[in-house]
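The values are calculated or read from the model by the stated rules, or taken from the named source; none is laboratory data. What you see is a predicted model; the values in this text were computed from it and never measured. Note that each Cβ is placed from the backbone with ideal geometry, even for glycine, and that neighbours are counted across all protein chains shown. To get the accessible areas, we keep the full protein, side chains included, count just its heavy atoms, and leave off ligands, DNA and RNA. Shrake-Rupley method; radii C 1.70, N 1.55, O 1.52, S 1.80 Å.
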Amino acid sequence: MKIATAQFTCVPADISANVRQMAALADEARVLGAELVVFPELALTGYELDALLARRDLWVRADDPRLDAVRANGVATVVNCAAATDGARPAIETLVFGPDGELITTYRKQHLFEHEQDIFVAGQCDGRFELGGLRFALATCFDNHFSELVSRGAADGCQVHLASSLYGTGGGVKELASVYPGIAKDFNLHVIVANHVGPAGTWTGCGRSALWAAGGDLLAQADATTPMVVTAEVG
């Protein structure tokens with residue numbers, strides 16, 4: 001399967017503007033032959049925690065009509081967002097839509113990073129789905145720093161590990177460059193990470209979204225400054 005990772009600069013707290021960017025990137029991924037495209041953490045709004053705390057209109061559900069343009073591209077999409085829950089706080093949730101726009105699965109970030117704990121509720125269940133003969137595991141940013149979460153995916157027969165993330169310039173560059181190829185090597189998983197590029201809340205995304213083969217070889221990587229799609233054959 002050819003898989004794409006997409007990086008872009010989110011418009012702060014503007015779901016419509018970000019959906020337009022994501023739809024264009026999904027179109028590009030499809031033209032390049034990709035069957036699946038992965039987007040960064042909180043891609044629908046940007047990493048705008050104050051706004052997400054104050055504005056419930058920025059919380060979505062899987063059937064939100066504002067996502068129609070992302071669902072209608074003929075390519076499967078991995079969309080991370082702030083999702084409404086049954087409680088007073090949202091979750092950092094990954095929605096996986098199939099090529100026909102149907103919801104395949106959802107996953108809520110289990111390991112919330114520092115200040116995220118004051119805003120979001122943590123997930124309790126692992127994320128899995130199957131597509132094109134491959135079995136996928138889902139994780140979000142800080143989740144990937146916990147080997148027990150990753151090892152459960154490998155033990156559960158997953159072949160591909162998908163991560164929606166935000167790593168900033170500075171120390172984030174080193175973290176991204178070590179954590180994800182480390183997962184590929186240590187757990188013999190194909191690994192795909194989608195990262196922000198440019199301003200992302202109080203951070204500046206360092207780009208470098210990438211795909212690694214099982215065992216740790218780099219297959220393809222975006223640059224540090226440009227919104228773009230990169231693809232590679234996986235599996």
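Values as computed for the structure displayed
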read-out	value
Residues that are open to solvent by 40 Å² or more (accessible area, probe 1.4 Å) and assigned to a strand (DSSP E or B), drawn from region 104-119	104, 106, 108
Identity of the residue in region 43-72, farther than 16 Å from residue 19 by Cβ and touching a Gly at 6+ places or on another chain (Cβ under 7 Å), that ends up surrounded by the most Cβ atoms within 10 Å (Cβ to Cβ)	47
Single residue of 75, 11 found to be open to solvent by less than 50 Å² (accessible area, probe 1.4 Å) and modelled with pLDDT of 95 or more	75
Elements of type strands (runs of 3 or more DSSP E) in region 169-235, at least 3 residues being in contact with a Leu (Cβ under 9 Å, 6 or more places away or on another chain) and either open to solvent by 70 Å² or more (accessible area, probe 1.4 Å) or at pLDDT below 95 (or both)	218-221
Where a residue in region 146-159 is more than 17 Å from residue 133 (Cβ to Cβ) and open to solvent by 40 Å² or more (accessible area, probe 1.4 Å) and its partner, wherever it lies, is assigned to a helix (DSSP H, G or I) and at pLDDT 95 or above, with Cβ under 8 Å and at least six apart	147/186; 151/187
